[in-house]
Amino acid sequence: MISNQILQNTIEGLKGISKVDFCVLDTEGKELAATGEVDKNCSDAVLAFVESPADSQVIQGRQFFKIFDEQRLEYVLVANGDSEGEYMLGKIAAFQIQSLLVAYKERFDKDNFIKNLLLDNLLLVDIYNRAKKLHIDTEVKRVIFIIETSHEKDSAALDNVRNLLGGKSRDFVTAVDEKNIIVVKELSEKDGNKELEKMAKDMLDLLRSEGGDEQVHIAYGTMVNDIKEVSKSYKEAKLALDVGKIFFSEKDIVAYTTLGIGRLIYQLPLPLCKMFIKEIFEAKSPDDFDEETLTTINKFFENSLNVSETSRQLYIHRNTLVYRLDKLQKSTGLDLRVFEDAITFKIALMVVKYMKYMESLEY
């Protein structure tokens, strides 16, 4: 079904060209779009016209036309005037709306196919058969972007994203839930990780310029070469979005290929995580440390365990940093200057982040 706004824009455009007023009504005589005042008797005339076998008819000085969706009557178009010229203009307008119906129906079919493809709801043979019928290329390079904004999605939001992204027929914009917008992006052979990052940045800038200060996050999966693998890229993008909220909360764009060890931690069961923290730190948890200690630890990791650079960035003497590290070693048994201990501590911090996030979802 075409939205009333699209119908309104269409007949206003047609009026701008033809100078003829048009009105679109449903089969019960209800006005859906109009370029001028509609006669109160028009609804009764529509009901009589719907019951008649004629596809077009002159009633009360107006041209009436039936518009079908395949074999089903969908709309009645009314053009003001009963001359031959107005009849021809009415036929053109009816044909335009009929073409819109076909286009929207095809887009809906494609949208339904893409949704089922993303969710892995199709058999392999069905994927190729339906793609062929819908004229969708099966052997091109594609990637999935997931866009999360601060408000729930509706059809208008999807249309906005389609318009922002240029409305390319080879790209698909859809949604499988109320939270995220999914972009199935077709790529060229030369596109690589650098190009994907730029595409994500361009989307982010466009959406922010359109939505003001709205919070926008984008995640994307890996590139796939066959349509049957699109669901794989979607699952990767979804995982990147979730893992990014835990370990990369400061980032607006997260790629699946950059998740690192966070991807492994995300798949651990919570009881195992609690056991790990208890074994390493006994009764103490890494997040129980004071702010100064945590800042020192994070800065030390940021600088690849370099004592001199860390002390410089923290504006403290090298010996002060060594004292803090010695104090941390006494309380935890882990010396962050030793690579293996540093790895254990870093993983522990990430595990605690993951546990806190998962526990927050339960409330």
Of S308, S331, S360, S304, the only residue that is touching a helix residue (DSSP H, G or I) at 6+ places or on another chain (Cβ under 8 Å) and among the small types (G, A, S) is S308
If you check D39 against the conditions, is it closer than 12 Å to L77 by Cα, acidic (D, E) and out of contact with any Ser or Thr (no Cβ under 8 Å at 6 or more places or on another chain)?
no
Working only within segment 230-267, note down all residues that are in contact (Cβ under 8 Å) with a residue 60 or more places away in the chain, over 20 Å from L158 (Cα atoms) and open to solvent by 30 Å² or more (accessible area, probe 1.4 Å).
K245, T257, I261, Y266
Which ones in segment 329-341 are outside any loop (DSSP other than H, G, I, E, B), of a type in the set (D, E, K, R) and surrounded by 12 or more Cβ atoms within 10 Å (Cβ to Cβ)?
D341
Looking only at segment 56-72, count every residue that is at positive phi and open to solvent by 40 Å² or more (accessible area, probe 1.4 Å) and tell me the total.
2
Could you tell me whether any residue of segment 206-219 is modelled with pLDDT of 85 or more, more than 12 Å from the chain's Cα centre (by Cα), loosely packed, with under 12 Cβ neighbours inside 10 Å and part of a loop (DSSP other than H, G, I, E, B)?
no
So, of the residues in segment 268-322 that are small (G, A, S) and more than 16 Å from K356 (Cβ to Cβ), which turns out to be least open to solvent (accessible area, probe 1.4 Å)?
S311
Kindly provide the set of residues from segment 9-55 that are closer than 16 Å to L101 by Cβ, open to solvent by less than 40 Å² (accessible area, probe 1.4 Å), outside any strand (DSSP E or B) and without any contact (Cβ under 8 Å) to a residue 60 or more places away in the chain, ordered by number.
D26
Are any of the residues in segment 59-78 closer than 15 Å to L14 by Cβ, in contact with a Phe, Trp or Tyr (Cβ under 7 Å, 6 or more places away or on another chain), β-branched (V, I, T) and part of a helix (DSSP H, G or I)?
no
Would you confirm, using the coordinates I've provided, whether D326 is out of contact with any helix residue (DSSP H, G or I) (no Cβ under 6 Å at 6 or more places or on another chain), open to solvent by less than 70 Å² (accessible area, probe 1.4 Å) and among the charged types (D, E, K, R)?
yes
Can you find, within segment 342-363, the residue that is most open to solvent (accessible area, probe 1.4 Å) among those that are of a type in the set (S, T, Y) and free of Cβ contacts under 8 Å to residues at least 40 places away in the same chain?
Y363
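The values are calculated or read from the model by the stated rules, or taken from the named source; none is laboratory data. Owing to the predicted nature of the structure, the values given are computational and were not obtained by experimental measurement. Methodologically, a virtual Cβ is constructed for each residue, glycine included, from the backbone with ideal geometry; neighbour enumeration extends over all protein chains shown. When the accessible area is computed, the model is the full protein with side chains, heavy atoms only, and any ligands, DNA or RNA have been set aside. Shrake-Rupley method; radii C 1.70, N 1.55, O 1.52, S 1.80 Å.
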